[in-house]
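Engineer: The structure's right below; bear with me while I get my questions together.
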Amino acid sequence: MPSTTFAYRATIGLIWALALWHSWTCRGLFVDGSAFLVEIVRREWFFRFYPPRIYAMVAGQIPVMTAVTLGVTDLHWLARLLSLGLFGLPTVFYHLALHRAKGDPILMATVIASIASIFMTTGFFIVGEYNTAFAITLLVAVRLVTAERLTPVDGIFLAVVAAFATRTYEVMLYLGPLLTAMILWALYRAPSRPIATTVLHLLAAAFFLKAMVVAVNSLLYPHSAEHLEETWLTAVNFWQDMQFDLAFGGAFVVAVWALIKPDDLAGAKPYRWAAICLVLLAVSPLLALSDTMVRPLAKSQYIARTASGLIIAAMVAFIWARETDLGARFRTFVVLRSPEVGHRFLGFACLMLLAVVPSDLFLTATWTSYLDAMRTAIRLQGGVIAVEDTLLSRGPYNLLGENWSMSSLSIVLRSDVRDGIVAPPRDFTDWVPFRPVELPNMGQFFWRD
């Protein structure tokens, strides 16, 4: 079984290596990301179109805006820097959570499991601010349960992070009150309550409640009523994300086993059954050899984000319950206090993380191929190009693009004004950022290889 030190270092190394690789391959351009970059370079300023998520939006755009301000006009590098900001933001929060949890195998296993089953299975749509909201939630929960006493450093940290969370994502509708309750619990159990530190903790609690209010308002007065309705309708389709299903399936087997037969956690039996899901997850890219939709799909990850928020809430509840009086009475938590069981739990979480890497690399490689195919298409033909006349309309490329973002991505990939623009399908009548015959002024910004 891995030591906590090895698991910590290996996980940190892996998530940062993947963040850098995803940035280098410009995965931040996926779907909405390309439209974001067009608006950033066109305005030469932050793209801030949705106030309820504005803090996460701006923070993720800091690297690319820094480069734009310094005069960088290479869209290839700007796409990498946008990707770096988008991937780096949640990765920083997960890094901090792992650092705080590194002395506790169960706590570290929970954070690693959240990275494996949530971040890496729903994070292909990295422009979605929910990635940051989930990471913040885990970090705050871990920091609260590992604090032996109230300190000014913790108080300042919590207040700053909570203020940032007020405008991050709508999942704060239920995660905000949950974190508020945890802060109040931390104040209640503290051996002493220095005035200044207590005020900072109460301020953090107030910010998380404000985050809930912002989320409520964003749902009552949505940016797009149609988009909100579509989100609710597609939330039940989380099962379409194969990576999410198999990663969570393995974790679910262990969790249910721990509730029914907790003493079995000292042996290998629960993990052997759960490993079936992990083996299937690790070999799932081989399904791409068949001509079916049963395979890891990038676009399905966005659909699983709603279910993922509920799982994050359950993980926080687990972290919290383990530190309460319930943790001392409930057999499952008693068993988990055993060092042997804790390291088995940690070892399984590490296997979850490794099992999801092949499908992540597969999807990233497919995305790189998709960008190459679009770049080839717009260089071979000028003017408006019907997507039906390109390889982009056929598999596997048709599994990566969205009709409305075709023109945005193709204008980002242009290296010359004579390059073409890929138009959505001829029968597509929904909203698009701009018409292919009326391109936004991109000035001196071009893609350079």
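Engineer: Give me the pairs, please: first residue somewhere in the stretch 43-69 and of a type in the set (S, T, N, Q), second residue anywhere and at pLDDT 95 or above, beta-carbon distance under 6 Å, and either six or more positions apart or on two chains.
Structural biologist: 61/46; 61/85
Engineer: Tell me the helices (runs of 4 or more DSSP H) entirely within the stretch 272-369 that contain at least 1 residues that are on the phi > 0 side of the Ramachandran plot and either modelled with pLDDT of 95 or more or within 18 Å of the chain's Cα centre (by Cα) (or both).
Structural biologist: In the stretch 272-369, no matching helices (runs of 4 or more DSSP H) lie anywhere.
Engineer: Which is over 18 Å from residue 324 (Cα atoms) and of a type in the set (Lys, Arg), of 193, 189, 143, 149? Spell out the reasoning first.
Structural biologist: Numbers: 189 fails: over 18 Å from residue 324 (Cα atoms); 143 fails: over 18 Å from residue 324 (Cα atoms); 149 fails: over 18 Å from residue 324 (Cα atoms).
After ruling out the rest, the residue left standing is 193.
Engineer: Got a number for residues in the stretch 418-434 being modelled with pLDDT under 90 and out of contact with any helix residue (DSSP H, G or I) (no Cβ under 8 Å at 6 or more places or on another chain)?
Structural biologist: 2
Engineer: Yes or no: residue 135 among the small types (Gly, Ala, Ser), buried (at least 24 other Cβ atoms within 10 Å of the Cβ), farther than 18 Å from residue 59 by Cβ and in contact (Cβ under 8 Å) with a residue 12 or more places away in the chain?
Structural biologist: No, not satisfied.
Engineer: If I filter the stretch 179-222 down to residues being of a type in the set (Lys, Arg) and not in a loop (DSSP other than H, G, I, E, B), which single residue comes out as surrounded by the fewest Cβ atoms within 10 Å (Cβ to Cβ)?
Structural biologist: Within the stretch 179-222, the match that is surrounded by the fewest Cβ atoms within 10 Å (Cβ to Cβ) is 189.
Engineer: Going by what's in this entry, would residue 43 be described as within 30 Å of residue 251 (Cα to Cα) and charged (D, E, K, R)?
Structural biologist: Considered against the rule, which asks whether it is within 30 Å of residue 251 (Cα to Cα) and charged (D, E, K, R), residue 43 comes out as no.
Engineer: Tally time: how many residues in the stretch 422-433 are farther than 14 Å from residue 386 by Cβ and either touching a residue at least 40 places away in the same chain (Cβ under 8 Å) or outside any loop (DSSP other than H, G, I, E, B) (or both)?
Structural biologist: 1
Engineer: In the stretch 381-410, what residues are assigned to a helix (DSSP H, G or I), out of contact with any strand residue (DSSP E or B) (no Cβ under 6 Å at 6 or more places or on another chain) and either touching a residue at least 12 places away in the same chain (Cβ under 8 Å) or polar (S, T, N, Q) (or both)?
Structural biologist: Result: 388, 391, 392, 393, 397, 398, 399, 403, 404, 405, 408, 409.
Engineer: Would you confirm whether or not the stretch 79-96 contains a residue that is more than 29 Å from residue 157 (Cβ to Cβ) and either crowded, with 19+ Cβ neighbours inside 10 Å or touching a residue at least 12 places away in the same chain (Cβ under 8 Å) (or both)?
Structural biologist: Yes, there is a match, as at least one residue in the stretch 79-96 is more than 29 Å from residue 157 (Cβ to Cβ) and either crowded, with 19+ Cβ neighbours inside 10 Å or touching a residue at least 12 places away in the same chain (Cβ under 8 Å) (or both).
Engineer: Moving on. Out of the helices (runs of 4 or more DSSP H) lying entirely within the stretch 10-87, which hold 2 or more residues that are closer than 24 Å to residue 299 by Cβ and either touching a Leu at 6+ places or on another chain (Cβ under 6 Å) or modelled with pLDDT under 95 (or both)?
Structural biologist: Qualifying helices (runs of 4 or more DSSP H): 32-43.
Engineer: Residues being surrounded by fewer than 17 Cβ atoms within 10 Å (Cβ to Cβ) and in contact (Cβ under 8 Å) with a residue 12 or more places away in the chain: count how many of those fall in the stretch 411-421.
Structural biologist: 3
Engineer: Now for a different question. Quick one: residue 338 ticks every box in (1) surrounded by fewer than 17 Cβ atoms within 10 Å (Cβ to Cβ); (2) closer than 28 Å to residue 281 by Cα; (3) of a type in the set (S, T, N, Q) bar one, so which box is it?
Structural biologist: The failed condition is (2).
Engineer: What's the number of the condition residue 162 fails, among (1) modelled with pLDDT of 95 or more; (2) assigned to a loop (DSSP other than H, G, I, E, B); (3) buried (at least 23 other Cβ atoms within 10 Å of the Cβ)?
Structural biologist: (2) is the only condition that residue 162 fails.
Engineer: Let me ask something additional. So, in the stretch 354-369, how many residues would count as being surrounded by fewer than 22 Cβ atoms within 10 Å (Cβ to Cβ) and either farther than 13 Å from residue 396 by Cβ or of a type in the set (Ser, Thr, Tyr) (or both)?
Structural biologist: 9
Engineer: Go through the stretch 208-236 residue by residue and tally those that are over 30 Å from residue 155 (Cα atoms), of a type in the set (Gly, Ala, Ser) and modelled with pLDDT of 80 or more.
Structural biologist: 1
Engineer: Scan the stretch 231-276 residue by residue and report those that are loosely packed, with under 12 Cβ neighbours inside 10 Å and over 25 Å from residue 343 (Cα atoms).
Structural biologist: Scanning the stretch 231-276 gives 232, 233, 236.
Engineer: Here's a check for you: in the stretch 112-136, which residue that is in a loop (DSSP other than H, G, I, E, B) and among the small types (Gly, Ala, Ser) is farthest from the chain's Cα centre (by Cα)?
Structural biologist: 128
Engineer: Working carefully through the options 139, 175, find the one that is closer than 22 Å to residue 235 by Cβ and either outside any helix (DSSP H, G or I) or within 21 Å of the chain's Cα centre (by Cα) (or both).
Structural biologist: Checking each option against the conditions leaves just 175.
The values are calculated or read from the model by the stated rules, or taken from the named source; none is laboratory data. On a predicted model such as this, the values are computed, not experimentally measured, just so you know. As a convention, Cβ positions derive from the backbone with ideal geometry for all residues, glycine included, and neighbour counts pool all protein chains shown.
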